[in-house]
Every structure is written in C-alpha cells, then in structure tokens.
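**Student:** Take this structure first; my questions come after.
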Amino acid sequence: MPDKIVVAGVPVDTRHWIGGRRVASGDTFADHSPIDGRLIGEIARGGPAEARAAVAAARDAFPSWAATSRSERARLLHAVADGVEKRIEELAIVETTDNGALLRSHRRGVMPRVAHNFRFFADWLLTLEHDDFETRGHTNHVSWDPAGPAVLITPWNAPLMLATWKVAPALAAGNTVVLKPAEWSPLTASLLADIAAEAGLPAGVLNVVQGYGAEIGDALTSHPDVRRISFTGSVPTARRIAGSAAANLTPLSLELGGKSPLLVFADADLDLAVDLAVEQYDNAGQVCLAATRILVEESVAEEFTRRFVAKAGALVQGDPRDEATDIGPNIHPRQLEKIDGFVRRALAAGARAVIGGQRGDGQCYAPTLLTDVAQDSEIVQEEVFGPVLTLQTFAGEEEAVRLANDTRFGLAATLATGDPERAARVGARLVAGTVWVNCFFVRDLQAPFGGSRLSGVGREGGTWSFDFYCDLKNTVTAPKGWKDHG
Ligand code: NAD
C-alpha cells in the first residue's frame with residue numbers, strides 16, 4: 001500500500017496520524033469515488049491496537065495542552081483556520097472526489113465554513129466567563145476545566161464540516177482529540193492532520209485514526225482514559241456507542257438522524273415554499289436536517305405540487321465537479337440500494353411517484369416526490385438519507401402539528417407561512433432542536449444545535465459546546481478571617 005496517494009492532484013497520506021507521526025496498519029480498506037466508482041486508494045485500516053495507541057497519545061499530550069493558556073490555544077486554532085483557508089481548493093476537490101457532494105458548495109460554502117468553525121471557537125474561548133458571585137460573604141468562582149481526551153466519530157455526508165464542528169470546540173476547551181472519520185470518506189481528515197501539524201499544534205493534541213466503525217469503534221468508546229465522546233451518525237450506531245460508553249459512564253453527545261417536516265400553510269409565499277422544498281434535495285438528500293416530509297395545507301396543495309414539479313424538473317443531476325450540476329451521486333452503491341429499497345416498498349404499499357421513483361445514471365438517484373403515503377408507513381416514519389421526499393396534506397394547524405410531531409425523531413422543522421403569529425404558535429408546539437421560519441439551514445455557531453427524541457442527546461454550539469467538553473468546577477472561598485460557628 002502506498003503511504004501517499006494523489007487525489008485530483010492533491011497528495012493525501014493514507015496512514016493514521018497518532019502522536020504527531022504517520023502510522024501504518026497491517027491491513028487496508030478500499031476507498032471508492034461516488035463520481036465514477038473508481039478506486040481512489042487503499043487506506044490504513046485501524047483496529048483496537050491503533051485505537052489504544054491514539055488514546056494513549058491523546059492522554060499523554062493532555063496535561064500540557066490543558067495547561068496551555070487560552071490565548072495560545074486560540075492562536076493555534078486561528079493558525080489551523082489560516083491553513084484551511086490556504087488549502088480551500090485542495091480540500092474542496094478531495095472532498096468532492098471522496099463523497100460526491102458539489103464542488104461549488106465545497107469551495108464557496110463548506111470549506112470557508114470549516115475555517116470559521118476554528119475561528120469561532122477560538123474567539124468564544126476568550127470570552128468564556130462566569131461572573132463570580134457571593135454566598136454569605138463567600139466568593140463562588142466557576143471555572144471551565146478541560147475534561148480529558150475526547151473521541152470524535154463522524155459520518156460521511158459532510159465529512160470535514162461535521163468533524164470540525166467537534167474538533168474545534170474540543171481543542172478550544174483544552175481537550176486532546178482522537179478523530180475517527182467515516183470509512184466511506186476518510187480523506188479530508190487526513191489533510192486536516194497535515195494542516196494542524198503545519199499550524200504548530202503539539203504532537204498528540206489531534207490524532208486521526210481510520211477504519212471500520214465495527215472494528216475500531218468499540219476500543220475507542222470503551223477506553224477508560226476517554227473522557228468525552230461526541231458522535232454524529234445513525235441511531236443504531238449511537239445505541240452501540242452508548243452501550244460501550246456505559247462501562248466508564250463517559251459523557252456522550254449524540255447528533256443523529258431526522259425525519260423533519262416542512263409545513264406549508266395556505267398563507268405562505270408559495271414560491272418561497274417551493275424553493276425551500278426543492279432545497280431538500282441538496283447533497284443528494286444526504287443531510288440529517290433535511291425536511292423530507294412536506295406537509296401542505298389542502299387548499300394550496302395542487303398549486304404547490306404544480307410549481308414544485310416545474311422547479312424540481314429543472315434540476316441538473318450529474319457530475320458534482322461541474323458548475324451546472326445541482327445534485328450529485330449518492331455516496332455508495334449500498335446507500336443507493338438502501339434508498340431504492342425504501343422507494344420500491346413505498347410504491348408497493350400504494351404510494352405514487354409525482355416525480356422520480358427510480359435510479360438515475362451511475363450512482364445517482366432521481367429526485368423523488370412520493371404522495372398517497374400513510375402516516376404510519378415506513379416511508380413517512382424512517383430516515384431514507386437520499387433525494388426522496390413525501391407529500392401529505394393537512395387541514396388546519398391542529399392536524400399540521402399532529403402530523404409534524406408524529407415520528408420518533410425531532411431534529412428540525414421548517415415553517416412556510418406569511419403569518420408571524422401562526423409561526424410563533426405552531427413553532428412553540430413542534431418537537432425539534434431547530435425551527436426555521438421561512439428559511440432553511442441558517443446555522444449560527446452561537447445557537448444550540450441538536451435533536452430531541454431519537455435525533456440526539458445534548459446540544460452543541462457556543463457555550464453549550466464548552467459545557468459538554470469541560471468539567472465545570474465551582475470554587476467557594478471564605479472571606480479572610482471567617483470562621484463557621486455553626
Ligand atoms: P453511521 O452510524 O453508519 O456511521 C457514523 C460513524 O460511526 C462512522 O465513522 C462509522 O465508522 C462509525 N461507527 C460505526 N459503527 C461504530 C461502532 N460500533 N462504534 C463506534 N463507531 C462506529 O452513520 P453514517 O451512515 O455514516 O451517517 C448517516 C447518519 O448520520 C444519518 O442517520 C444522518 O442523519 C446522521 N447525521 C446526523 C447529523 C446531525 O447533526 N444530527 C449530521 C449528519 C449526519
């Protein structure tokens with residue numbers, strides 16, 4: 001296995017990054033591009049030994065990193081952001097080759113945002129303070145102590161973006177990190193290790209191990225030296241991780257799947273509502289937050305559908321490197337098979353495909369809208385994670401809220417309405433970590449982010465991230481000469 005491969009002109013190291021060194025494994029796994037199915041390279045395939053080595057490196061580096069001043073940690077995180085900004089083009093093309101998402105979004109939106117993730121948490125760290133307060137003459141001082149090595153496990157749909165949502169706050173908080181990227185798109189995590197080293201991050205502060213979750217995951221999440229686990233991925237994996245973390249009661253943050261609704265009321269700007277609905281095909285539908293259940297008020301359903309079909313019909317599907325492409329391929333033949341299975345079962349159960357309903361060229365799935373679906377059917381209740389939306393109608397707010405809340409998930413909800421009072425009334429009743437009104441995907445890192453029910457445990461963002469990655473301590477100091485006389 002070559003230690004370095006060249007991906008669209010960019011050299012990428014295929015080995016792990018442990019304790020400031022590149023480390024190979026005896027075995028490898030194959031990484032294929034969703035664009036043409038071609039083998040990109042053989043990647044080092046870690047197991048328990050690599051997991052233990054990475055946690056040991058993170059544990060050894062922890063005392064010194066935790067003791068590093070806040071301003072120095074912030075300076076280093078800004079240096080990482082500088083490195084990301086210098087390499088936006090390289091990161092963008094490697095990510096697109098590896099996971100098939102649009103090159104233009106990686107260039108203009110995602111990679112600049114990756115740099116922002118580091119800058120935001122570096123700056124937030126410097127403002128993090130609780131005012132001291134007094135109790136019967138005693139001073140209470142609350143401090144944010146770094147918790148220890150953090151294991152961060154991430155999915156393939158937005159690899160570097162989702163990894164750095166965790167890496168940046170974990171490092172800012174003074175923790176050391178073991179990052180395990182998904183096996184279907186591991187490459188940009190390796191580039192991040194290079195960037196962090198070039199920025200001067202000390203050895204062992206950031207470690208990256210690659211491999212199949214089932215082989216390396218348990219050794220990471222059950223390790224007694226790991227003090228935090230943050231996971232983004234599917235519900236079944238989250239259950240396994242929670243079971244494994246239980247041995248040491250390691251605190252967990254879980255960002256999981258969704259089946260979010262888009263509620264379109266008759267008083268909405270229908271063109272805006274249609275734009276919001278079509279946006280749900282972004283990243284070929286492989287977005288946890290996607291509002292895949294479109295709920296439309298009966299009186300405007302026909303007109304909404306007519307405009308939706310016209311707009312979705314104009315979408316260009318194909319090579320994600322082309323500027324004109326709106327929807328690229330899905331990540332893996334297995335994912336494509338899974339999506340097609342959901343659609344075939346829905347059609348067999350009586351659903352009607354308004355558009356799509358079948359595979360497209362190569363590894364693409366045709367943007368699909370299914371109607372005549374029952375609320376308790378699989379297609380309405382389960383996350384597909386592909387370009388497949390369902391359309392149902394409702395009569396009035398009561399039914400809208402009932403349908404919107406009637407799944408096991410609670411990640412997000414989007415409302416299209418021209419009535420601010422209705423937005424407030426309905427929004428307050430929705431079970432969701434984020435509610436968007438007449439907009440979608442606006443995500444400020446200051447805001448709490450996470451899901452309710454099976455969509456997750458905990459919230460990250462701003463101070464909530466530091467709450468998670470730190471051990472909060474209250475130090476109570478008596479006034480000089482004070483004696484407790486009972
Ligand atoms: P997945 O659960 O299959 O894998 C996620 C990660 O977990 C991968 O790195 C994988 O290797 C690892 N893993 C697998 N088994 C493991 C184990 N036993 N122990 C430790 N790690 C293990 O998820 P996926 O298919 O990569 O991602 C898609 C899912 O992620 C969808 O459900 C989607 O909704 C969710 N997601 C959620 C958010 C969010 O913020 N809520 C964001 C993006 C994706």
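Only the coordinates and a few stated rules stand behind these numbers; no lab work does. All figures in this text were calculated on a predicted structure; none of them were measured in a lab. Cβ coordinates were reconstructed from backbone atoms using ideal geometry, including for glycine residues, and neighbour counts include every protein chain displayed.
**Student:** Strictly greater than 20 Å: what percent of every Cα pair in region 402-486 meets that? Write out the running numbers ahead of the final one.
**Tutor:** Numbers: 1884 of 3570 pairs.
In whole percent, the long-distance tail amounts to 53.
**Student:** Of the peptides 442-448, 22-28, 302-308, how do they stack up when ordered by the mean number of other Cβ atoms within 10 Å, highest first?
**Tutor:** For the peptides 442-448, 22-28, 302-308, the packing ranking is 302-308, 22-28, 442-448.
**Student:** In addition: Could you size up the charge dipole of the chain around its Cα centre, putting +1 on the beta carbon of Lys and Arg and -1 on that of Asp and Glu, and report it in debye to the nearest 20?
**Tutor:** The dipole magnitude comes to about 1180 debye.
**Student:** A follow-up question, please. Region 261-437: D in µm²/s via Stokes-Einstein (Kirkwood Rh, Cα pairs, 4 °C, 1.567 mPa s)? Show your work: numbers first, answer last.
**Tutor:** Values: Rh = 16.3 Å.
It diffuses with D of about 80 µm²/s by this estimate.
**Student:** Can you give the helix-only mean residue ellipticity at 222 nm for the chain, where every DSSP H stretch with n ≥ 4 adds -39500 (n - 2.57) and the sum goes over all residues, rounded to the nearest 500 deg cm²/dmol?
**Tutor:** It comes out at -12000 deg cm²/dmol, rounded to the nearest 500.
**Student:** Please tell me the relative contact order of the chain in percent, rounded to the nearest whole number, where contacts are Cα pairs under 8 Å and at least six residues apart.
**Tutor:** Taking the mean separation of contacting Cα pairs over the length of the chain, I get 18 percent.
**Student:** Of Gly396, Ala284, Leu336, which is farthest towards the positive pole of region 261-437's charge dipole, taken about the Cα centre with +1 and -1 on the beta-carbons of Lys, Arg and Asp, Glu respectively?
**Tutor:** Farthest towards the positive end: Leu336.
**Student:** How high is the relative contact order of region 261-437? Use alpha-carbon pairs under 8 Å, at least six apart in sequence, and give a whole percent.
**Tutor:** 28
**Student:** Let me know the whole percent of all Cα-Cα pairs from region 195-240 that are separated by more than 11 Å.
**Tutor:** 76
**Student:** What is the distance in Å between the Cα centroid of region 335-391 and that of region 224-269?
**Tutor:** The distance from the Cα centre of region 335-391 to that of region 224-269 comes to 24 Å.
**Student:** Can you list the residues, at least 5 places off or on another chain, whose amide H is less than 5 Å from the amide H of Gly204, using H built in the peptide plane?
**Tutor:** Close amide H contacts, sequence-distant or interchain: Gly19, Gly20.
**Student:** Any idea which of Trp65, Val10, Leu76 is furthest toward the positive side of the dipole for region 1-90, if Lys and Arg beta-carbons carry +1 and Asp and Glu beta-carbons -1?
**Tutor:** Among Trp65, Val10, Leu76, the one farthest towards the positive end of the dipole of region 1-90 is Trp65.
**Student:** Here's something else I'd like to know. If you line up the long axis of helix 88-99 against the longest principal axis of the chain, both from Cα atoms, how many degrees apart are they, to the nearest 10?
**Tutor:** Between helix and principal axis, roughly 60 degrees.
**Student:** Based on the alpha carbon coordinates of region 168-299, what radius of gyration and maximum Cα-Cα distance (Dmax) apply, in Å?
**Tutor:** Considering region 168-299 through its Cα atoms, Rg and Dmax are 19.6, 62 Å.
**Student:** Convert 10 °C to kelvin, take the viscosity as 1.306 mPa s, use the Kirkwood radius over C-alpha pairs of the chain as Rh, and evaluate the Stokes-Einstein diffusion coefficient in µm²/s, rounded to a whole number.
**Tutor:** Details: Rh = 23.5 Å.
Calculated translational D: 67 µm²/s.
**Student:** In addition: For region 1-63, what are Rg and Dmax over the alpha carbons, in angstrom?
**Tutor:** Cα-based Rg and Dmax for region 1-63 come out at 13.8, 46 Å.
**Student:** Could you work out the Rg to Rh ratio of region 348-445, with Rh taken as the Kirkwood radius (inverse of the mean 1/r over all Cα pairs)?
**Tutor:** Rg/Rh: 1.00.
**Student:** Going by Cα centres, region 12-35 and region 66-129 are how many Å apart?
**Tutor:** Each part reduced to its Cα centre gives a spacing of 21 Å.
**Student:** Separate question: Can you tell which of Ala147, Gly100, Ala170 lies farthest toward the positive end of the dipole of region 59-184, using +1 and -1 charges on the Cβ of basic and acidic side chains (Lys, Arg; Asp, Glu)?
**Tutor:** Of the candidates, Gly100 comes out farthest on the positive side.
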